[in-house]
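Structure record follows, encoded as structure tokens.
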Amino acid sequence: MSWARRHRFDLAGLLAALVYGAPSLRYLYGPDQAMFHYVAREWLAGRLPYRDVFDVKPPGVFVLEAVLLACFGESQVVLRLVSWLAVVGTGAMAAAAWQTSGERRPGVLGLGAFLASAWHFGAFDFYHSAQTELFQSFFLIAGLLAARRSRPGLAGVLLGVAVLFKLTAVVPAALIGLVCFGRRPKELAKLVVGGATPLALFVASYALVDVFGEGGALASLAHYVELVAHYGTSAKPSLGARLSTFWLENVAWLLVAVATTGLGWRERSAGDRRQVLLGAALFVGSAAAVLSQGKLSVYQWDVTSGFLVLWLLAAMRPLPMRAVWGTAIVLAALPLVRPGAFYGAHVRTVLAGESVEPAMVHPDFLYAYADQRRMAEAFEARGLRPGDALHVRGYEPTVYVLTGGRSPARFFENHLHSWWVRDVEALEAAKHDHYARLSDAAPRFFATRPELPVDVEVLEAAGYEAFAEVGRFTLWERVRADAPAPRWPEGWWREPERRARERAEH
């Protein structure tokens, strides 16, 4: 029998998984995807993450995006393509991890890929997909697969890479280590050493910058840890509302997992029971890592993807493959037919050949891709060229990506003025540094928002003129180079932030 004939069910499942996720290649950037792109682009230009361009994400996603930019150039499609393949790979590896000590059933790899594709693209829209949690999940499940194949060193490296995509991955990574090697100290030690290696290499690369480069690299990492620890432990809004909004829309997956777990439990073999409990335990562990962050966004649940697939495959083992595939198809169909579901609307838009731009909106950030494009066009018509100094208030990195402009500031301002981040000495110092850099550099172009009214007075005094209104933004150009540098009043941010916190608390 030919290889293709032997694996025809797996190939069919993989093809179905790819087809299901293919419309996601039409997704445009959300603010987070643009931020990955911008930080990586600036890194390639010599500006070091955390020291020169700050974001709260660990370095893994910036390394990935820098590699993609270096290999393929400026493109929004490449990250979506890699994410599409990572989703399918996560599901296939989850199936392979289940089969390492269980009955090999034809088509399981393809089934795992299809389940992962249906879950990811049905649950996460253009903004919540292609996030660091997807790649975190990919490397966690790869580490589990290596661990179950008794390769502790490789497993440790893969789990360590997962932690570089999101620090909270240490929770499911530790659980994997204990489950697979808890009774074998030597193998567990190899896993720990392997896990520490990626982190050590990254820190060593920053130490080399201090020795042979401009310096300040290791100090910026220490500052990053300080700010992120504070950012992650500060009060966050609407935790219960965010939790219920996500899980109420995706409860069918959990209902299937829980219901099939109890299916024929007494008749299952001891090994089969262990497989089900492993998948459920790793799912719960990864969910605990999500909840530990406090700031709960929908995309953060993507870290559970591989473990959910593992749990489902193990739990549905007593069912005939036709019933399993029927269940998978029903779950995959829900986001396509449920009224108001984003993915169904997006697929219909793609099939109709219409523009997807109007749907690329994130209400929490008041973000709309159409506004980003219009702003970029207005700046370019005014003479902005790649590399020119530009600063956009708020969290709008897509404008930097579309224009090639770069901000002289270190921070995206959502890290400075989000109401849930309480004032601390380190954050106060970061704000001083932010406005000092803007004053010293005096960007040629500026985009301001009405919730920061101090800008109008400062910019007008510094020789800026408003030349356009786009959405809620006012666009400015510095037309009088002989005017004094822009100077923001000392500590102007304290009063509006105090009022914002009071409103949120009441």
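The values are calculated or read from the model by the stated rules, or taken from the named source; none is laboratory data. None of the values given here were measured: they were computed from a predicted structure. Heads up, the Cβs are rebuilt from the backbone with ideal geometry, glycines too, and the neighbour counts pull from every protein chain shown.
Name the single residue that is surrounded by the most Cβ atoms within 10 Å (Cβ to Cβ) among those in the stretch 194-213 being among the β-branched types (Val, Ile, Thr) and more than 30 Å from SER150 (Cα to Cα). Looking at residues that are among the β-branched types (Val, Ile, Thr) and more than 30 Å from SER150 (Cα to Cα), I get VAL209.
Rundown of residues vs (1) modelled with pLDDT of 95 or more; (2) surrounded by fewer than 21 Cβ atoms within 10 Å (Cβ to Cβ), yes/no style:
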{"position": "MET360", "(1), (2)": "yes, no"}
{"position": "PRO363", "(1), (2)": "no, yes"}
{"position": "ARG385", "(1), (2)": "yes, yes"}
{"position": "GLY405", "(1), (2)": "yes, no"}
{"position": "PHE412", "(1), (2)": "no, no"}
{"position": "SER418", "(1), (2)": "no, yes"}
{"position": "ASP440", "(1), (2)": "no, yes"}
{"position": "PHE445", "(1), (2)": "yes, no"}
{"position": "PRO450", "(1), (2)": "no, yes"}
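A single member of GLU460, GLU495 is surrounded by fewer than 20 Cβ atoms within 10 Å (Cβ to Cβ), acidic (Asp, Glu) and at pLDDT 90 or above, and it is GLU460. Quick check, is GLN372 of a type in the set (S, T, N, Q), farther than 30 Å from GLY177 by Cα, touching a residue at least 24 places away in the same chain (Cβ under 8 Å) and part of a helix (DSSP H, G or I)? Yes, satisfied. On the given criteria, is ARG382 within 15 Å of ARG41 (Cα to Cα), touching a residue at least 60 places away in the same chain (Cβ under 8 Å) and charged (D, E, K, R)? Spelling it out, it is not the case that ARG382 is within 15 Å of ARG41 (Cα to Cα), touching a residue at least 60 places away in the same chain (Cβ under 8 Å) and charged (D, E, K, R). Between ALA323, ALA315, ALA426, the distinction of being in contact with an Asp or Glu (Cβ under 6 Å, 6 or more places away or on another chain) and either more than 20 Å from ARG26 (Cα to Cα) or buried (at least 21 other Cβ atoms within 10 Å of the Cβ) (or both) belongs to ALA426 only.
Checking the structure you have, find out if any residue of the stretch 60-79 is touching a strand residue (DSSP E or B) at 6+ places or on another chain (Cβ under 7 Å) and under 24 Å from HIS434 (Cβ atoms). The answer is yes; a qualifying residue exists. Exactly one residue among PHE72, PHE114, PHE36, PHE62 is surrounded by fewer than 20 Cβ atoms within 10 Å (Cβ to Cβ), among the hydrophobic types (A, V, I, L, M, F, W, C), at pLDDT 95 or above and in contact with a helix residue (DSSP H, G or I) (Cβ under 6 Å, 6 or more places away or on another chain), and that residue is PHE72. Of note, GLN275 satisfies the criterion of being touching a helix residue (DSSP H, G or I) at 6+ places or on another chain (Cβ under 6 Å), more than 21 Å from SER129 (Cβ to Cβ) and at pLDDT 90 or above. The single condition among (1) within 15 Å of the chain's Cα centre (by Cα); (2) of a type outside the set (A, V, I, L, M); (3) at positive phi that GLU65 does not meet is (3). Scoring GLY306 on the criteria (1) over 22 Å from the mean Cα position of the chain (by Cα); (2) assigned by TED's automatic domain parsing to the domain that holds ALA288; (3) assigned to a helix (DSSP H, G or I) leaves a single failure, condition (1).
Evaluated against (1) touching a residue at least 60 places away in the same chain (Cβ under 8 Å); (2) outside the structural domain of ARG437 (by TED's automatic domain parsing), ALA352 falls short on exactly one condition, (1). Is it the case that some residue within the stretch 138-159 is crowded, with 24+ Cβ neighbours inside 10 Å and within 12 Å of the chain's Cα centre (by Cα)? Scanning the stretch 138-159 turns up no residue that is crowded, with 24+ Cβ neighbours inside 10 Å and within 12 Å of the chain's Cα centre (by Cα). Exactly one residue out of GLY306, GLY294 is touching a Gly at 6+ places or on another chain (Cβ under 8 Å), modelled with pLDDT of 95 or more and closer than 24 Å to GLN131 by Cβ, and it is GLY306.
In the stretch 386-459, counting only helices (runs of 4 or more DSSP H) that sit wholly within it, the ones holding 2 or more residues that are at negative phi and small (Gly, Ala, Ser) span 425-441.
Criterion first (assigned to a loop (DSSP other than H, G, I, E, B), in contact (Cβ under 8 Å) with a residue 12 or more places away in the chain and over 23 Å from TYR299 (Cα atoms)) does PRO106 satisfy it?
Spelling it out, PRO106 is indeed assigned to a loop (DSSP other than H, G, I, E, B), in contact (Cβ under 8 Å) with a residue 12 or more places away in the chain and over 23 Å from TYR299 (Cα atoms).
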